[in-house]
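Step one of this worksheet: look at the structure below.
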Amino acid sequence: KTSLELVYQAKNLRTLFLLSDERDYIFDKLLFDLLQHFRWLRTLILDCPINKLPNAIENLIHLRCLLMSNYVQLEELPETICNLSNLQTLCIKYCYNLKKLPQGMGKLINLRHLSFIGFSCQKCPIFPKGFEKLISLRTLSDFNIGGMDEREGCRLGELKKCTTQDEIYLHSLELWFGKFDILRDTISRRIKDDVLILNALEAPSDLESYVFLLPWH
C-alpha cells in the first residue's frame, strides 16, 4: 500500500499536516478528498500549493486550529469556513495572495487567535463588517480597516465593541496606519476620526501590549 492509502485508514485522525513544494501535483483535489474523509480533525496545517480552499472545509465541525503558510496561494477564504463554530485559532503566514476575509467572520464566536504573519500593513487582508462579534479574541496581530470607501470592510469603531464586553480576553493590540500619497487631506481626516475612536476604545486594564503608529509624510 502507498503511504497515502495508509493515511486514509486512520479514520479518526486528529491532526493533518500537508507539506510540499511540488507544483505539479493536484493538491486541490487531494485536499477536497481529505476533507470528505477526515471529519474528526482538530488541527489542519496547510503548506502546499493549493489555489482554493474547498467549501467542504465546513465538514470539519470539530476543527480547533487552522494554519496556512508559504506555498498556499489562496486569494480568498470560502464563506463556509465561517461555519466552523469550534475554530479557536486561525493563523495565516506568508500567504501574500490573500486579499480578503469571508463576510461571515463574525460567526466564529469561539475564535481566540487570529494572526497574519509576514504581511505588511498594506498587504493584510481587509477585515469584513461584523468583526465586533468576535468577543473571544485573545490575539489579533493585524487589523485592516479597509479602503477609502466607508462601505468597504470593517471600521475601527467596531473594536470598541470587542473591548467593552463583560469578559475581556484581548491581551495585545497593534494598529498601523499606512502611508498614502493620494487624497492626503481626506486620509488625514480619516486618521483623525480613527484617533478619536481609539481614545474612546477604553482598552481593558489587562491589555499587555498596545502599539499605535501613524504614517510618515
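The values are calculated or read from the model by the stated rules, or taken from the named source; none is laboratory data. Note that the structure is predicted; figures quoted are calculated from it, not measured. In this analysis, Cβ positions are derived from the backbone assuming ideal geometry, glycine residues included, and neighbour counts consider all displayed protein chains. Calculation scope for accessible area: heavy atoms of the full protein, side chains included, ligands and nucleic acids excluded. Shrake-Rupley method; radii C 1.70, N 1.55, O 1.52, S 1.80 Å.
Within this structure, Leu44 passes the test of being closer than 18 Å to Leu13 by Cα and crowded, with 21+ Cβ neighbours inside 10 Å.
Comparison of Ile45, Ile81, Ile50 shows that the only residue that is under 28 Å from Asn144 (Cβ atoms) and part of a strand (DSSP E or B) is Ile45. For the range 1-17, residues that are at pLDDT 85 or above, among the aliphatic types (A, V, I, L, M) and open to solvent by 90 Å² or more (accessible area, probe 1.4 Å) total 0.
Does Leu87 count as of a type in the set (A, V, I, L, M) and out of contact with any Asp or Glu (no Cβ under 9 Å at 6 or more places or on another chain)? Against the criterion (of a type in the set (A, V, I, L, M) and out of contact with any Asp or Glu (no Cβ under 9 Å at 6 or more places or on another chain)), Leu87 qualifies. The residue that is least open to solvent (accessible area, probe 1.4 Å), among those in the range 69-88 that are of a type in the set (Ser, Thr, Tyr) and either out of contact with any strand residue (DSSP E or B) (no Cβ under 6 Å at 6 or more places or on another chain) or closer than 20 Å to Cys154 by Cβ (or both), is Thr80.
Would it be correct to say that Leu66 is open to solvent by less than 30 Å² (accessible area, probe 1.4 Å), touching a residue at least 24 places away in the same chain (Cβ under 8 Å) and in contact with a Lys or Arg (Cβ under 7 Å, 6 or more places away or on another chain)? No: the conditions fail for Leu66. Only residues that are closer than 19 Å to Gln73 by Cα and aromatic (Phe, Trp, Tyr) were counted across the range 4-43, and they come to 4. Per this entry, Lys129 is counted among residues that are in contact with a Gly (Cβ under 9 Å, 6 or more places away or on another chain), farther than 22 Å from Cys65 by Cβ and either modelled with pLDDT under 90 or not hydroxyl-bearing (Ser, Thr, Tyr) (or both).
Do we find a residue being open to solvent by 90 Å² or more (accessible area, probe 1.4 Å) and within 13 Å of the chain's Cα centre (by Cα) anywhere in the range 18-32? Checking the range 18-32: not a single residue is open to solvent by 90 Å² or more (accessible area, probe 1.4 Å) and within 13 Å of the chain's Cα centre (by Cα).
Out of the range 90-114, which residues are open to solvent by 20 Å² or more (accessible area, probe 1.4 Å), touching an Asp or Glu at 6+ places or on another chain (Cβ under 8 Å) and not in a loop (DSSP other than H, G, I, E, B)? Lys100 - this is the single residue of the range 90-114 that is open to solvent by 20 Å² or more (accessible area, probe 1.4 Å), touching an Asp or Glu at 6+ places or on another chain (Cβ under 8 Å) and not in a loop (DSSP other than H, G, I, E, B). Out of curiosity, is Asn59 more than 14 Å from the chain's Cα centre (by Cα) and open to solvent by 60 Å² or more (accessible area, probe 1.4 Å)? When the stated conditions are applied, Asn59 does not pass them.
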